[in-house]
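The values are calculated or read from the model by the stated rules, or taken from the named source; none is laboratory data. All of these numbers come straight from a predicted model, not from anything done at the bench. Positions of Cβ are backbone-derived with ideal geometry, glycine not excepted, and every protein chain shown enters the neighbour counts. Quick note on the areas: whole protein, heavy atoms, side chains included, nothing else; ligands and nucleic acids left out. Shrake-Rupley method; radii C 1.70, N 1.55, O 1.52, S 1.80 Å.
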Amino acid sequence: MIAGSQVLAAMITPAMFYAGLACAAIPIVIHLISRRRFRRVRWAATQFLLEANRQNRRRIRIEELILLALRCLTMLLIGMVLARIFVRPQAFAGLLGSRAGTDYVVVLDDSFSMGLADVDSRASTQDTIIFDRALTAVERLLGWLHEECPSDSLAILVTSRPEQTVVAETNLGRLDPVGFSRTWRERKPSSRRADLPEAFAAVRQLLDASRSAGAVIYLVSDFQRIDWLAGELTEAIGTADSPLAPLAGWDRADRSLKVVLVDVGSETTDNLAVTGVESRQAQAVAGIGTRLIARVTNFGRSESRACTMQVFVGEVGQPAVTVPAIPAGQSIEVPVEVIFPQVGSAPLTIELQADALPADNRRFCVVPVAKSIRVLLVNGEPSSDPYQDEAFLLSVALRPQGPQFSGNEIAAINEEELEQTDLASFHVVILANVGRVTENAAARLESYVASGGGLAVFLGDQVDVEAYNRVLFRDGTGLLPGRLSEPVAAPNESPGFRVGEMNTSHPALRPFANLMPRCFDGALVWAHFPVAIAPAPATQPSTTNPAQTAVTLLQLDDVDKSPLILQKDHQAGHVWLITSSADKEWNNLPDHPVFVVFAMEMTQHLARRPAQKAMQLVGQPVTLPLDPGRYQPTATVRTPAYPGEPALSVHAEPDTASGGMTIRWVDTEQPGFYQIDLTGQSGGHAVEPMAVNLDSTESNLRRLRRDELQQAVAAWPVEYVRAEELTHGSAAVTRKELWPALLILLVVTLMTEQLLACWFGANRQWSALFGRHGA
């Protein structure tokens, strides 16, 4: 039975109804056959019977028709019972306008973890990823609601953009299921993580705008633990801490609320992801190998297998890197060495071998590449004889002669020129046996280091201890990590102090970890300055960056374990103090190959780091400061989908924080590089890539078990179902089957037919008996 587009009644097995309808004709056929004409033979004995029958014929015909109708009804009722006819009370009530509607809201988790390849045996062969299973579940749910609740409303949201309603239909009966399925199957997982509180806040806004008598919310998700719990589950989540918190207080006495958690997740939770990329060097140099580390995390419950990792500079591949097996739940740092071919902002991509969740196998970053590391070498004891010159051997170590470029450019000056030299253009400043540093020069050095520059101080026989302590140490508030004492020489009977323990956990000295102690075999120090390391100041103004205590990087093997190299951080920069000389006057370190390695590692660690471009997450805007004096205010942006998506123009806008102009791009729904093409005022072009990555917290696929999930939402009106069980048993809620009543009617009909048949037969016998007596 259909009213408009609403199906009010139907049958589960209609074939049985039609069979019963056909069987209802059987009694009629039998009745007609029994009335076939026979040849009549009249004889005297039957005349009395015929006369009696003629008198009762009208009554008998009515009795036979009643019995015939009851027998036909019996056959029809048998078919109706077997057909399991049902009605939809909600449809009748909606048709009559006597029922307030129910809002059905479907929240689909389309986070990138839903792109996990589905190896669960329960999945159908068409659903290759769990997102496909989620689409199937929503599609099946929509078809069921279209049939069962045609007068109710429906809204579908996705967690990536909950503020945008995917489907909004005030009357489910008007929805075209075929057209919906055609467009629904085109959906793909987003690149965002699931933000359930934001999604349910959007649901609350929809419900507040409605006047329905109740709401049923379906959350279709893989139910990752990270989305529901910050730690281990010890008790039910409080109302305020639950992702369902925005729904609190909506259900009242006059309206009901029900949340159905539809689990489409897979029990396969093994996943390997690249969660970070960092440079081990302060400044990458074009044409020189740059050391980086890729952080790889095993989010699974078992040890991963060894695999390979590809490295790309732009579109050019680098040699593959082997990733060893990683214990469950652990992260490792995989060393990567890359050669950047040219100066500028280099896009770098790290990509793991494909696994069940390929979305998080890639990580993007932009590495600023310089032409060289510019080193200012302040020579405190220059000489025409190179081997008597304080800085000659150090400069050779930093910039060896030959066809292979070391990556360092050296500018040497005398100590008198320090006050007039522009320090901002250098990555590192090295003082080599400089006798005195004026207060003006010290102030300029402090400003330079505070802004991120690196300073190395080699001592020697020209150093004025009192001046250094007064100007550079300043009772612990200056640049030096400690107070100097008068130099100490090795005893005459000793060949010198040997090199002792090295702090190989320090980033600058990690390359020496596998070389100690052999790399310093034969190295001797004949004189050095003792240093009393200064503690951090007890009080510091809250507006300043507090000074840090010194860290000893390398010790001498003497009785006092005197420091040979110390480091102190001064705001954004680092200071190294080497307590011996840079030449061979106080030590023989320049005679050993390790001296070259040490000099290179020192400059790489101390060098001023370039302004880093923030690696934004998907959905976060990318911004690029614009110099109006160099570039025009309009730029072109190419997304990672280019050339599939056209390049778009964007205009610079004022930045209230910096007071300058900024290029701002907000549509970052895809991970990868967003290329911003700037046009110079003179007509040239510059391309600045900006990296956008996935939120790696979504890579943790650990799921809440059913009992944990039910415990976590115990304070809410929640029902848990698996996707394949979504509409099973729901018909009992919206359908009213009539077979119990029909079965009772069938029994009553059979009993009535039997009673009437007996009664009618008895009446005929009594009528015949009285007829004979009357005759």
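Restricting the search to segment 427-447, which residues are touching a residue at least 60 places away in the same chain (Cβ under 8 Å) and open to solvent by 10 Å² or more (accessible area, probe 1.4 Å)?
427, 446 - these are the residues of segment 427-447 that are touching a residue at least 60 places away in the same chain (Cβ under 8 Å) and open to solvent by 10 Å² or more (accessible area, probe 1.4 Å).
In segment 448-458, what count of residues is obtained for those that are over 13 Å from residue 478 (Cβ atoms) and either among the aromatic types (Phe, Trp, Tyr) or surrounded by fewer than 24 Cβ atoms within 10 Å (Cβ to Cβ) (or both)?
Number of matching residues: 4.
Go through segment 266-278 and report how many residues are under 30 Å from residue 605 (Cα atoms) and either buried (at least 21 other Cβ atoms within 10 Å of the Cβ) or without any contact (Cβ under 8 Å) to a residue 12 or more places away in the chain (or both).
Qualifying residue count, segment 266-278: 3.
Output the number of the condition that residue 731 fails; it satisfies all remaining conditions of (1) at pLDDT 85 or above; (2) touching a helix residue (DSSP H, G or I) at 6+ places or on another chain (Cβ under 8 Å).
Just one mismatch for residue 731, condition (1).
Is one or more of the residues making up segment 609-626 in contact with a helix residue (DSSP H, G or I) (Cβ under 8 Å, 6 or more places away or on another chain) and open to solvent by less than 10 Å² (accessible area, probe 1.4 Å)?
No, because not a single residue in segment 609-626 is in contact with a helix residue (DSSP H, G or I) (Cβ under 8 Å, 6 or more places away or on another chain) and open to solvent by less than 10 Å² (accessible area, probe 1.4 Å).
Of all strands (runs of 3 or more DSSP E) completely enclosed by segment 356-418, which ones contain at least 1 residues that are among the acidic types (Asp, Glu)?
408-414
Read through the list (1) among the small types (Gly, Ala, Ser); (2) surrounded by 14 or more Cβ atoms within 10 Å (Cβ to Cβ); (3) farther than 30 Å from residue 242 by Cα; (4) modelled with pLDDT under 90, then give the number of the only condition that residue 712 fails.
Unmet for residue 712, out of (1) among the small types (Gly, Ala, Ser); (2) surrounded by 14 or more Cβ atoms within 10 Å (Cβ to Cβ); (3) farther than 30 Å from residue 242 by Cα; (4) modelled with pLDDT under 90: (3).
Please specify each residue of segment 412-426 satisfying the condition of being open to solvent by 30 Å² or more (accessible area, probe 1.4 Å) and in contact with a Leu (Cβ under 7 Å, 6 or more places away or on another chain).
Matches in segment 412-426: 412 only.
Here are some residues: 634, 679, 639, 662. Which one is hydroxyl-bearing (Ser, Thr, Tyr), open to solvent by 40 Å² or more (accessible area, probe 1.4 Å) and either without any contact (Cβ under 8 Å) to a residue 24 or more places away in the chain or farther than 30 Å from residue 398 by Cβ (or both)?
Every option except 634 fails the conditions.
Strands (runs of 3 or more DSSP E) wholly in segment 246-330 with at least 3 residues that are within 30 Å of residue 216 (Cβ to Cβ) - which ones?
Of the strands (runs of 3 or more DSSP E) lying wholly inside segment 246-330, those with at least 3 residues that are within 30 Å of residue 216 (Cβ to Cβ) span 256-263.
On the basis of being in contact (Cβ under 8 Å) with a residue 24 or more places away in the chain, assigned to a loop (DSSP other than H, G, I, E, B), touching a helix residue (DSSP H, G or I) at 6+ places or on another chain (Cβ under 7 Å) and not hydroxyl-bearing (Ser, Thr, Tyr), does residue 163 make the cut?
yes
For segment 555-582, give me the residue count where each residue is within 19 Å of residue 465 (Cβ to Cβ) and of a type in the set (Asp, Glu).
1
Tally the residues that are open to solvent by less than 20 Å² (accessible area, probe 1.4 Å), touching a residue at least 40 places away in the same chain (Cβ under 8 Å) and closer than 18 Å to residue 432 by Cα, restricting the search to segment 465-498.
Adding up the residues that qualify gives 7.
Quick check on my filter: what residues within segment 167-186 are among the aliphatic types (A, V, I, L, M), out of contact with any His (no Cβ under 9 Å at 6 or more places or on another chain) and either within 18 Å of residue 114 (Cα to Cα) or part of a helix (DSSP H, G or I) (or both)?
178 - this is the single residue of segment 167-186 that is among the aliphatic types (A, V, I, L, M), out of contact with any His (no Cβ under 9 Å at 6 or more places or on another chain) and either within 18 Å of residue 114 (Cα to Cα) or part of a helix (DSSP H, G or I) (or both).
Residues of segment 577-596 being among the hydroxyl-bearing types (Ser, Thr, Tyr) and within 20 Å of residue 388 (Cβ to Cβ), which ones?
The answer is 580, 581.
Return yes when residue 514 is surrounded by fewer than 17 Cβ atoms within 10 Å (Cβ to Cβ) and over 18 Å from residue 587 (Cβ atoms) and no when it is not.
Against the criterion (surrounded by fewer than 17 Cβ atoms within 10 Å (Cβ to Cβ) and over 18 Å from residue 587 (Cβ atoms)), residue 514 qualifies.
For residue 323, indicate whether it is hydrophobic (A, V, I, L, M, F, W, C) and open to solvent by 30 Å² or more (accessible area, probe 1.4 Å).
No; evaluated as a whole, the condition is false for this residue.
Looking at segment 243-265 only, could you name the residues that are at pLDDT below 85 and crowded, with 17+ Cβ neighbours inside 10 Å?
255
I'd like to check something: does segment 162-173 contain any residue that is modelled with pLDDT of 85 or more, among the aliphatic types (A, V, I, L, M) and buried (at least 19 other Cβ atoms within 10 Å of the Cβ)?
Within segment 162-173 (the criterion being modelled with pLDDT of 85 or more, among the aliphatic types (A, V, I, L, M) and buried (at least 19 other Cβ atoms within 10 Å of the Cβ)), the answer is no, since none of the residues qualifies.
For residue 461, are the conditions met, namely being open to solvent by 20 Å² or more (accessible area, probe 1.4 Å) and more than 52 Å from the chain's Cα centre (by Cα)?
yes
Within segment 695-717, take every residue that is in contact with a Lys or Arg (Cβ under 8 Å, 6 or more places away or on another chain) and not in a helix (DSSP H, G or I) and give me the one that is farthest from residue 301 (Cα to Cα).
Ranking the qualifying residues of segment 695-717, first place goes to 717.
Restrict the check to segment 353-366 and report whether at least one residue is farther than 30 Å from residue 132 by Cβ, free of Cβ contacts under 8 Å to residues at least 12 places away in the same chain and either among the small types (Gly, Ala, Ser) or open to solvent by 10 Å² or more (accessible area, probe 1.4 Å) (or both).
No, that holds for no residue.
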